[in-house]
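Heads up, the thing below is written out as structure tokens.
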Amino acid sequence: MALNLISAAFFLFVAVPRILGAGEVESVPDLEKAMYLTVEGYPCVRLLNLSGEIGCSNPGSGKVVAPIVRFGNAHDQLDRLSTVLISIDEMQSFFLRVSSDLYFAQKVAGVLVEPSNLNKSIGFSPVEKFPQAAFAPYQSLNYEWNPTGSGIMWNSYDFPVFLLSEKSASIVHEIVIKNMKDNTAYLTDVAEFDLVMQTTKVGTHDSESCLKEGSCLPLGGYSVWSSLPPINISSLGPPKPILLTIVSQDSASFFRDKSIGADSPLSGLIALLAAVDALSNIGSLDKLQKQLVFAVFTGEAWGYLGSRRFLHELDIGTDGLKGLNGTLIEQVLEIGSVGKGSGEGVTTFYAHTEVDSSKTKEMLNALQKASVSLGTDNVKMKRADASNPGLPPSSMMAFLRKNKSTSGVVLEEFDGSFSNKFYHSHLDNPSNINSSSIAAAAILAARAIYILATGDLTLNLIALNSIKINMSLVEELVACLLTCEPGLSCALVKKFISPSNTCPSHYVGVFLGVPSNIKYVQYPEYVDDTSRFVWNFLADRTAAQTSNASSCTGECDGEGEVCIGAEPEGIGRCMISTTRYIPAYSTRLTYEGNSWQVIPADASDSMGLVDPVWTESYWGTLGLRIYKVQSSAYDHLVLLGGVAVTAAAYIAVIVTRTCLVKALKHD
């Protein structure tokens, strides 16, 4: 108590007058701004599953305050509870030590990570060496698809962690350097973390308990599917077999809002959008033998939520998938990570397969023909090595676990292990990819799709060779979906939607509102920016050509019509297009009575048996700021000084009183 009073007195009579005397403060907000430095950063948050929790949180319901120290190397010791400043290249060894050294972990109050550039040859991936191995359709679960994976993202940390922005990192670095040079100063810089998670406050430490208590929400969002040309539901003719092309649109990262996923998986999404754009310029697609269908799944980084929900909705025949029949899906082509295929002037892609069927061989032949049709040796397609255990981590795994005879190919930039050394990390950014590699994958996929859709018909070589990729579109999509400038404020995105953010982040987020499969609506209320853009782009490119499109503000009256691009100006265009949203959330969840519930696993659903059922904790305001406090040594010095002054004053009073008494007696 005495120390607190002394600190308050120091602040009132020393610090405040100095600030006011400097002429910097004209109001209470100015005073607060002078006292506290608000730090920009990206937090690591608390996620939960059926067996426990991962991620970061304050250990209790209050803020965490601790002095900042610079962590020099992996063997440094901490002599008190501290906020540790580390560089990104120290992050892996630091968190591995925290997980193995309990005494050391107890001294860590919080962590600040500098966004310094890491040696690209080393790599950094905080997930497992075999991501989501439990969903693999084979038994070799110890195989290392991701050699740089450390797994530190899957541990639980009872302290806050922030990735600093470039600007804040330089400021914090200067503060730490100054403190190191002036270690005798009576003031100490401390970091104050406000990273209180609701699940920590109420004591719910797994998905089932937190959903019951309402302290979390399930991970999820909305996937998008579209057909080219639009499907005529009222047609009396026999339905065509379906050629389904799929990609993922969500990534993951140790830091929630820094999940860019440039190579994995956004390069595949951009390649798909460019391929659809190219195919939309080809006439007479309705004359081909197969129906082209494209699906963009979200939630794939968290238990293949999008693809598994898509297959489940196909089984039960919900309105969102009207016109699609799962039994008609003949072949599945997945475009995976394709942003790093270039090397030494040649762009090479690998076709990964699981089922050795005639339809799979047909797909491999089509990819080879597409490569040859380019008339250059600069783009090559190779079959993945037979020594691989099977498919790499991909949405195709969900299809194969559902139906082991599914004929499919996964197109990737790698053969036996990931080329992307920053898989599911914040460093998987635009500098990690090459636009020309994405364009090469797009044209290879587009031409292969056309060849496959032709079926037994005579291949139209003129039409095939006319399939070209718009390189400007690829570069624009990279700038829009992977950068902050222009980011989602780019002209292409704003042509279709009014984005809620400028800087894109491809973390799946939590599922908000009532799922559209419970009460079907064409345009769900809570859909993230990326899904809304993808929906509008695909609806626009796959729409039937018409010269008299009517304007719209929401629903359209015509059969098969959708309202495209209504957000920016409030007025869109009614076009015939089979493009729809599909909810993406765990098949182990049901929404009843305005709340989520975990349902028992179905023994016949092999994927449901291993479904983690990921959820994210509620929180209030997440914040980080730095300010100065008196060092404890100085507090003790002031206290001792105060005691000494008090004692001296007391002695002086006694002596003076004694002298006065003697003087009075003498008189």
Quiz prompt | Those residues of the range 598-631 which are of a type in the set (Val, Ile, Thr), within 23 Å of the chain's Cα centre (by Cα) and open to solvent by less than 30 Å² (accessible area, probe 1.4 Å), in sequence order | solution = 613, 615
Exercise. Please state which one of 34, 66, 15 is modelled with pLDDT under 75, closer than 29 Å to residue 166 by Cα and either open to solvent by less than 50 Å² (accessible area, probe 1.4 Å) or assigned to a helix (DSSP H, G or I) (or both).
Key: 34
Quiz item: Restricting the search to the range 78-127, which residues are assigned to a strand (DSSP E or B) and under 18 Å from residue 177 (Cα atoms)?
Solution: 82, 83, 84, 85, 86, 87, 111, 112, 113, 114
Quiz item: Does residue 541 count as open to solvent by 10 Å² or more (accessible area, probe 1.4 Å), outside any loop (DSSP other than H, G, I, E, B) and closer than 30 Å to residue 211 by Cα?
Solution: no
Exercise. State which residue is nearest to the chain's Cα centre (by Cα) when the search covers only the range 79-104 and only residues that are open to solvent by 20 Å² or more (accessible area, probe 1.4 Å) and not charged (D, E, K, R).
Key: 92
Exercise. For residue 527, state whether it is open to solvent by 30 Å² or more (accessible area, probe 1.4 Å) and either of a type in the set (Phe, Trp, Tyr) or out of contact with any Ser or Thr (no Cβ under 8 Å at 6 or more places or on another chain) (or both).
Key: no
Exercise. Return yes when residue 51 is touching a Pro at 6+ places or on another chain (Cβ under 9 Å) and surrounded by fewer than 20 Cβ atoms within 10 Å (Cβ to Cβ) and no when it is not.
Key: yes
Quiz item: Can you tell me which residues in the range 572-597 are of a type in the set (Gly, Ala, Ser), modelled with pLDDT of 95 or more and open to solvent by 40 Å² or more (accessible area, probe 1.4 Å)?
Solution: none
Quiz item: Is there a residue in the range 348-366 that is more than 31 Å from the chain's Cα centre (by Cα), modelled with pLDDT under 95, farther than 27 Å from residue 291 by Cα and open to solvent by 30 Å² or more (accessible area, probe 1.4 Å)?
Solution: no
Quiz item: If you take the residues in the range 555-597 that are among the small types (Gly, Ala, Ser) and within 29 Å of the chain's Cα centre (by Cα), which one is farthest from residue 530 (Cα to Cα)?
Solution: 595
Practice problem: Inspect the range 549-563 for any residue being among the polar types (S, T, N, Q), part of a loop (DSSP other than H, G, I, E, B) and open to solvent by 10 Å² or more (accessible area, probe 1.4 Å) and give the result as yes or no. | Solution: yes
Exercise. State yes or no: is residue 486 open to solvent by 40 Å² or more (accessible area, probe 1.4 Å) and in contact with a Ser or Thr (Cβ under 9 Å, 6 or more places away or on another chain)?
Key: yes
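Rundown of residues vs (1) in a loop (DSSP other than H, G, I, E, B); (2) over 17 Å from the mean Cα position of the chain (by Cα), yes/no style:
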| residue | (1), (2) |
| --- | --- |
| 450 | no, yes |
| 472 | no, yes |
| 475 | no, yes |
| 485 | yes, yes |
| 492 | no, yes |
| 498 | yes, yes |
| 502 | yes, no |
| 513 | yes, yes |
| 518 | yes, yes |
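The values are calculated or read from the model by the stated rules, or taken from the named source; none is laboratory data. Predicted, not measured: the structure shown is a model, and the values here were computed from it. Every residue, glycine as well, gets a Cβ built from its backbone with ideal geometry; the counts of neighbours run over all protein chains shown. These area figures cover heavy atoms from the full protein model, side chains too; ligands, DNA and RNA do not enter into them. Shrake-Rupley method; radii C 1.70, N 1.55, O 1.52, S 1.80 Å.
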